[in-house]
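Novice: Here you go, one structure.
The values are calculated or read from the model by the stated rules, or taken from the named source; none is laboratory data. Here the structure is a predicted model, which means the values were calculated and not measured. Heads up, the Cβs are rebuilt from the backbone with ideal geometry, glycines too, and the neighbour counts pull from every protein chain shown. We work out accessible area using only protein heavy atoms, side chains counted, and drop any ligands, DNA or RNA first. Shrake-Rupley method; radii C 1.70, N 1.55, O 1.52, S 1.80 Å.
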Amino acid sequence: MTPRLRRRALPALAALLLALAAGCSGPGGARPAAAPTSRPPLAERAPTSASPALQAYYDQRLAWAPCDGAGGDAGADGAEAAATAVQCATLKAPLDYADPGGRSIDVAVARVPAADPAHRIGALLVNPGGPGNSGANMARGWKDGQGPMRDRFDVVGFDPRGSGATLPIDCLDDRTREQSMRTDDPAYDRGRVLADACRAKYADILPFLGTRNSARDMDVLRSALGERKLDFLGLSYGTYLGVLYAEEFPDRTGRLVLDGAVERSTDLMHLDVEQAAATEAGFRAFATACTAEGADCPLGTDPAAAPGRLADFLDGLKDHPLPTHDGRTVTASLGWGVVIDTLADGHGSWSRLRSALDPALTRGEGDELLRFSDGNAGRDDDGHYENSADAFAAIHCADAPLAPSDADLRTALADLAARAPLTSRHDTRITLLEPDCRPWPYRSTERPHTVTAPGSAPVLVIGGTEDPITPYVWAQRMAAGLQHGVLLTRDGDGHMSWYHSSCARDAAEAYLVDGVLPAAGARCGSD
């Protein structure tokens with residue numbers, strides 16, 4: 001089962017925002033850098049549109065107010081209180097950019113003002129990935145951060161279309177969602193069930209949820225913030241949002257940092273094969289390393305046999321699901337999902353995963369695995385699930401049309417079997433077609449292509465060599481395709497370098513704050 005980008009949970013933002021002092025080394029050992037890039041004055045807006053209806057959106061000003069339940073430090077006053085306040089606003093945007101005089105939508109926005117307003121650079125837009133995760137929530141989490149980025153930028157996040165509070169897509173009721181997640185029945189058509197439910201509720205907006213439209217919303221937001229250029233930090237799926245912005249508005253790009261690249265130079269089915277191969281490598285590394293723990297490893301002590309033993313156990317849950325104290329069972333679908341989703345964090349998650357697997361493998365108890373599954377799916381104590389899975393599918397299917405021929409499927413299946421024989425065998429259809437857009441009611445006009453963005457400012461792309469969710473080759477292709485792409489390589493595992501390398505964070509911060517880029521060929525280690 002291929003892990004979904006949407007399932008990447010944000011670590012604690014306090015840890016996320018630390019500006020750790022670890023040098024980022026290039027071929028010569030120290031961090032070499034290009035000259036700082038110049039910045040235009042903040043007050044002047046870029047020309048926008050010849051359409052009066054669209055220009056009206058660009059001319060709007062945001063009405064900021066304290067977010068509900070997210071005020072500043074109650075013990076602070078004056079400038080300190082303003083710097084710790086979280087402010088929210090609603091951006092107006094056209095539903096259909098081809099018809100800006102038609103229906104409008106409300107885009108949820110949040111910001112944390114710069115902690116050092118006297119040295120403020122401007123606004124930094126952030127996105128945590130998904131698709132389906134809330135950028136507004138990511139900005140809210142910046143309130144307690146420290147360091148030059150927190151001091152110098154108003155940190156701003158918005159909810160892309162389909163996610164959070166912006167045209168939220170919530171197609172399945174909780175009972176159907178649980179069935180879809182848990183069933184091991186090969187005849188159960190998850191794609192069709194979701195497509196039918198989404199069509200019934202959202203047929204009028206599904207065609208307008210694609211990332212390109214959200215990138216256009218970003219440009220309207222840039223103007224509403226009073227910024228001539230857009231500075232942006234995009235993680236995972238947020239890199240695709242950022243690169244499409246650079247393609248649409250190359251002359252309005254400021255400093256873009258894209259970490260954990262999601263690129264679309266080929267179709268989703270072949271990208272899923274590449275992702276599955278990266279996931280397989282992480283799966284095997286975890287199982288093999290477990291055996292070094294001796295008696296503490298529930299997979300035994302034979303490193304060659306451990307990966308196969310874990311895969312056999314998870315597959316065996318089809319016939320022998322694990323009981324839990326609340327009456328639900330852990331099926332093969334849930335078990336595979338827990339293991340692969342947790343491994344997104346790389347070796348830092350191995351001890352937690354080993355602890356969850358131990359009672360399942362040694363005593364046949366599924367409670368720990370179920371707890372992990374509920375957390376990954378956003379299930380609360382009342383049995384209600386968050387809607388990010390629906391948003392994930394709706395946005396992907398608006399971005400990536402997929403109607404493969406039988407010959408294409410056979411070729412992809414053979415490639416999948418060769419590159420990910422363990423992690424794909426539970427359900428090759430889910431691995432190869434995640435999400436399954438074939439029954440989707442709307443056919444996207446997007447086509448796979450390499451984004452070149454001629455005329456953009458330099459774009460810093462960061463990729464991890466053993467990232468199990470966004471393979472390193474995606475970062476290589478994205479940086480090579482961009483006319484002004486700069487690749488920073490992190491050696492190590494785990495999804496996204498921002499969470500796993502102070503060196504990579506330092507490099508991102510150096511570019512965003514000071515305009516200083518790593519030299520060609522620069523590499524970082526993992527913490």
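Novice: Based on the alpha-carbon gyration tensor of the stretch 371-424 and its eigenvalue square roots a ≥ b ≥ c, which shape applies: rounded if a/c is under 1.5, prolate if not and a/b is larger than b/c, or oblate?
Specialist: The shape class here is oblate.
Novice: Once the Cα atoms of the stretch 299-413 are picked out, what are the Rg and Dmax in Å?
Specialist: Gyration radius and largest Cα-Cα distance of the stretch 299-413: 16.9, 46 Å.
Novice: If you don't mind, there's one more thing I want to ask. Mind jotting down the distance between the C-alpha centroids of the stretch 400-467 and the stretch 153-167, whole Å?
Specialist: 25
Novice: Roll a 1.4 angstrom probe over the protein heavy atoms and tell me the percent of accessible area of the stretch 368-503 that is carbon or sulfur.
Specialist: On the stretch 368-503, the fraction of accessible area on carbon and sulfur atoms equals 50 percent.
Novice: How much net charge surrounds V107 when only the other residues with a Cβ under 14 Å from the Cβ of V107 are counted, with Lys and Arg +1 and Asp and Glu -1?
Specialist: +2
Novice: Tell me, what is the per residue accessible area of the chain in Å², probe radius 1.4 Å?
Specialist: So the chain comes to 37 Å² accessible per residue, rounded to a whole number.
Novice: Related question: With an 8 Å cut-off on Cα pairs and a minimum separation of 6 or more residues, tell me the relative contact order of the stretch 165-257 in percent.
Specialist: Relative contact order here is 24 percent.
Novice: When only Cα pairs under 8 Å and 6 or more residues apart are kept, what is the percent relative contact order across the stretch 323-435?
Specialist: Values: 63 pairs, mean separation 24.7, N = 113.
22 percent.
Novice: Hey, any idea what % of the stretch 84-214's accessible area is carbon plus sulfur with a 1.4 Å probe?
Specialist: Of the solvent-accessible surface of the stretch 84-214, carbon and sulfur hold 48 percent.
Novice: Holding the Cα-Cα limit at 31 Å, pick out from K143/K229; K92/K229; K143/K201 the pairs that are longer than that. The partial results should precede the final answer.
Specialist: Working: K143/K229 24 Å; K92/K229 20 Å; K143/K201 36 Å.
Flagged as over cut-off: K143/K201.
Novice: Rg over Rh of the stretch 252-336, using C-alpha atoms and the Kirkwood radius, what does it come to?
Specialist: On the way: Rg = 18.4 Å, Rh = 16.0 Å.
Across the stretch 252-336, the Cα-based Rg/Rh ratio is 1.15.
Novice: Once neighbouring chains are kept in place and the probe is 1.4 Å, which whole percent of the accessible area of the stretch 300-349 is contributed by carbon and sulfur?
Specialist: Of the solvent-accessible surface of the stretch 300-349, carbon and sulfur hold 56 percent.
Novice: Follow-up question, since we're still on this one. Normalised by the number of residues in the chain, what is the relative contact order in percent for Cα pairs under 8 Å and 6+ residues apart?
Specialist: Taking the mean separation of contacting Cα pairs over the length of the chain, I get 22 percent.
Novice: Starting with the highest mean, order 215-227, 353-365 by the number of other Cβ atoms within 10 Å, averaged over the residues of each peptide.
Specialist: 215-227, 353-365
Novice: Given only helices, namely DSSP H runs of n ≥ 4 each adding -39500 (n - 2.57), what is the per-residue ellipticity at 222 nm of the chain, to the nearest 500 deg cm²/dmol?
Specialist: Calculated mean residue ellipticity at 222 nm is -11500 deg cm²/dmol.
Novice: Let me ask you something else. List the pair-distance distribution P(r) of the chain, using every Cα-Cα distance, as the percent of pairs falling in each 10 Å bin from 0 up to the bin containing the longest distance, rounded to whole percents.
Specialist: Pair shares across the bins are 4, 19, 29, 27, 16, 5, 1, 0.
Novice: Among 340-347, 500-507, what's the highest-first ranking by average C-beta atoms within 10 angstrom per residue?
Specialist: Packing order, densest peptide first, comes out as 500-507, 340-347.
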